[in-house]
């Protein structure tokens with residue numbers, strides 16, 4: 001009996017935390033998304049009463065004039081940041097830093113970790129300074145004389161480039177750590193064997209190392225897709241969805257704007273909640289697709305060798 | 001750090017006050033005051049209460065009242081939206097401040113929700129309030145009752161850069177006469193755009209910088225809608241109004257400005273990193289701002305160049321021009337007001353404190369430091385008020401002023417109007433599409449609470 005209870009006792013702290021800080025808020029947000037709770041009727045509207053629930057918020061989202069623009073922005077932001085930086089560049093850095101001198105590789109990875117450990121406001125302030133017009137903006141001082149964006153505030157002329165760079169520099173370090181540790185974990189005799197067989201470095205990477213990275217690749221891709229879908233703080237601080245109308249507004253930022261910001265304070269909590277519920281659904285669907293495509297089931301099967 | 005010091009000081013006062021109270025058998029009551037203020041220009045909004053509390057305690061003692069007040073002041077410069085959220089959520093947690101300073105247009109929503117009290121009855125015992133300029137009470141009235149005491153007022157003028165006009169070949173006397181021409185209705189909104197276009201064509205300013213508004217939603221856009229004949233509120237029913245014809249002209253003006261007259265490259269800019277440096281750094285020919293920004297530019301952006309002296313040489317200001325020749329120019333005043341929370345246990349003491357800061361001395365201190373206009377009758381004759389050149393020269397604008405409506409739905413209304421404007425400026429909407437978008441959005445969002453004309 002004690003043996004059967006023990007796992008639940010060990011699980012209970014997590015269970016309590018997840019229930020309190022994830023499950024209950026999730027249910028509340030889900031309910032809120034069917035109400036028109038906002039700043040004007042807070043404390044008056046009985047949002048928990050089914051009589052006040054309707055699908056109006058969802059109709060408003062899908063008939064919104066800017067729905068396709070926001071969705072398009074979100075897809076572009078997630079796909080570009082994910083492929084170019086969070087997976088692509090992360091893999092490249094991991095491969096390079098594991099194929100050079102170990103200490104140099106380590107030092108290089110530490111450098112790449114700086115954006116992640118810098119407080120986000122400081123980090124974005126640095127990007128804003130970089131993007132400013134010359135003489136203050138460093139990028140402009142270098143590219144301006146070459147005729148690229150001379151004297152312009154680059155954040156306003158090319159906001160997407162800066163958003164993807166700022167996010168990608170942070171995002172790449174996550175995959176970099178996982179990939180390089182996975183590469184380090186490959187038994188050295190495999191690598192030596194490939195060398196004995198006359199494989200070039202590229203062939204070693206392609207036929208020995210990359211196949212061993214399938215699991216971390218799945219994990220990083222899935223995790224980073226979901227994390228990019230819901231991340232907005234860098235965009236909020238960099239452009240706040242501007243400079244044009246919804247020019248760089250992504251889904252999560254819209255949910256935040258609707259629910260929590262408004263010049264005249266008419267924050268629409270119910271409507272904002274609906275935007276985030278749709279995002280949760282998109283996230284779950286994406287996760288399921290990833291698990292299918294990468295054949296998650298096979299990856300977690302018992303190793304066949306142990307069954308002998 | 002400064003705030004910490006203020007809080008520590010208040011803490012010491014509390015302890016000292018408590019000891020004194022024990023000795024004298026008095027009851028000490030804490031009144032919390034929440035203000036939004038840009039430091040250092042607007043700090044008097046809250047700091048005036050420190051002296052007011054001393055005076056009030058003297059009054060209470062003289063009158064044999066055993067109560068004594070101490071004030072806890074919390075002021076900073078957060079966004080208005082966050083500021084309102086904080087109050088509403090604070091109220092929900094039974095922790096709202098006793099005195100809350102805010103824009104008058106929030107009164108409708110807060111009064112409807114029962115979070116603030118009406119002041120008519122209480123005010124009868126404080127005749128000092130009769131000194132407040134009469135029409136300012138209109139801005140704090142809702143459904144026939146007064147809900148707030150005006151704290152300051154301002155004008156939102158059309159600023160122009162004299163040096164840049166000079167570069168366009170305007171002689172000095174013509175530049176000096178511009179405010180008067182605008183006041184007489186001889187220089188219209190489209191005349192302004194024509195000059196802006198000329199400045200862009202001649203390379204005096206960059207394309208997009210002929211004429212700017214504020215970079216985000218806010219009160220500054222409404223006077224343009226009024227200029228084209230628009231109305232925001234129906235006097236008979238108190239409902240919000242959208243006038244399609246005026247709206248069409250309003251959107252056409254901003255569409256033209258952005259697409260045809262080299263203007264409006266301002267929407268979406270950051271205030272401190274691009275907007276203020278742009279206008280104060282002589283990169284923009286015409287722009288709409290507030291009188292309080294005059295102090296801000298002098299203090300935060302142009303101090304090294306000579307502050308106000310430099311600004312008088314470089315910038316001029318006038319009313320917002322009329323839409324048509326001979327028409328009436330306008331501006332907008334957006335008074336801030338002290339409101340009293342319905343959770344306040346001693347509203348009489350809170351109002352007594354507000355009464356103490358609604359006097360020539362405290363109000364003028366704030367007016368001068370922040371270049372806001374005064375709110376009291378005869379304040380312009382007050383010796384120290386007259387020392388501010390800007391306040392004296394901008395005063396005539398109050399004769400042409402307009403207000404935002406006090407209506408609980410103003411926030412939603414304004415968001416939709418602004419979204420269409422941003423789309424028009426960005427070239428996503430034609431003026432007609434903007435009007436259709438607004439009509440559709442307002443009807444969907446506000447239902448019976450909107451009148452479309």
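Observations, loosely collected:
- Spans of helices (runs of 4 or more DSSP H) in the stretch B:358-453 with at least 1 residues not assigned by TED's automatic domain parsing to the domain that holds residue B:136: B:410-425, B:431-446
- Boolean, residue A:26 is surrounded by fewer than 12 Cβ atoms within 10 Å (Cβ to Cβ) and under 32 Å from the mean Cα position of the chain (by Cα): no
- Subset of the stretch A:24-52 [more than 21 Å from residue B:93 (Cβ to Cβ) and away from chain B (no Cβ under 14 Å)]: A:26, A:27, A:30, A:33, A:34, A:49, A:50, A:51, A:52
- Flag for residue A:267 being in contact with a helix residue (DSSP H, G or I) (Cβ under 6 Å, 6 or more places away or on another chain), buried (at least 16 other Cβ atoms within 10 Å of the Cβ) and within 14 Å of chain B (Cβ to nearest Cβ): yes
- Number of positions in the stretch B:398-453 that are within 10 Å of chain A (Cβ to nearest Cβ), touching a residue at least 24 places away in the same chain (Cβ under 8 Å) and over 23 Å from residue B:104 (Cα atoms): 9
- Tabulated pairs, the stretch B:78-93, first more than 8 Å from chain A (Cβ to nearest Cβ), second modelled with pLDDT of 90 or more and assigned to a loop (DSSP other than H, G, I, E, B), C-beta under 7 angstrom, 6+ apart or interchain: B:87/B:96; B:90/B:96
- Residue pairs meeting the criteria (Cβ under 7 Å; at least 6 apart or on separate chains; first within 11 Å of chain B (Cβ to nearest Cβ), in the stretch A:114-135; second exposed (fewer than 15 other Cβ atoms within 10 Å of the Cβ)): A:129/A:136; A:133/A:151
- Test: residue in the stretch A:71-87 that is modelled with pLDDT under 90 and either within 14 Å of chain B (Cβ to nearest Cβ) or part of a helix (DSSP H, G or I) (or both): no
- Residues in the stretch B:222-236 that are under 14 Å from residue B:248 (Cα atoms) and either crowded, with 19+ Cβ neighbours inside 10 Å or within 11 Å of chain A (Cβ to nearest Cβ) (or both): B:222, B:224, B:225, B:226, B:227, B:228, B:230.
- Flag if residue B:109 is touching a helix residue (DSSP H, G or I) at 6+ places or on another chain (Cβ under 9 Å) and outside any helix (DSSP H, G or I): no
- When the stretch B:112-122 is filtered for residues that are on the phi < 0 side of the Ramachandran plot, within 11 Å of chain A (Cβ to nearest Cβ) and either in contact with a helix residue (DSSP H, G or I) (Cβ under 6 Å, 6 or more places away or on another chain) or modelled with pLDDT of 90 or more (or both), only B:115 remains.
- Scanning the stretch A:17-38 for residues that are in contact with a helix residue (DSSP H, G or I) (Cβ under 8 Å, 6 or more places away or on another chain) and not in a loop (DSSP other than H, G, I, E, B) turns up A:26, A:29, A:30, A:32.
- Taking the stretch A:247-262 as the range and being in contact with a helix residue (DSSP H, G or I) (Cβ under 6 Å, 6 or more places away or on another chain), in a loop (DSSP other than H, G, I, E, B) and within 14 Å of chain B (Cβ to nearest Cβ) as the test, the residues that pass are A:248, A:249, A:261, A:262.
- Scanning the stretch A:223-246 for residues being in a helix (DSSP H, G or I) and either within 14 Å of another protein chain (Cβ to nearest Cβ) or modelled with pLDDT under 90 (or both) gives a total of 4.
- Residue satisfying condition, being away from every other protein chain (no Cβ under 14 Å), part of a helix (DSSP H, G or I), touching a helix residue (DSSP H, G or I) at 6+ places or on another chain (Cβ under 7 Å) and over 28 Å from residue A:288 (Cα atoms), within set A:180, A:194, A:173: A:194
- Condition met for residue B:125 (touching a helix residue (DSSP H, G or I) at 6+ places or on another chain (Cβ under 8 Å), more than 13 Å from every other protein chain (Cβ to nearest Cβ) and in a loop (DSSP other than H, G, I, E, B)): yes
The values are calculated or read from the model by the stated rules, or taken from the named source; none is laboratory data. Keep in mind it's a predicted model, so treat the numbers as computed, not measured. Don't worry about glycine lacking a Cβ; one is built from the backbone with ideal geometry, like all the others, and counts go over all protein chains shown.
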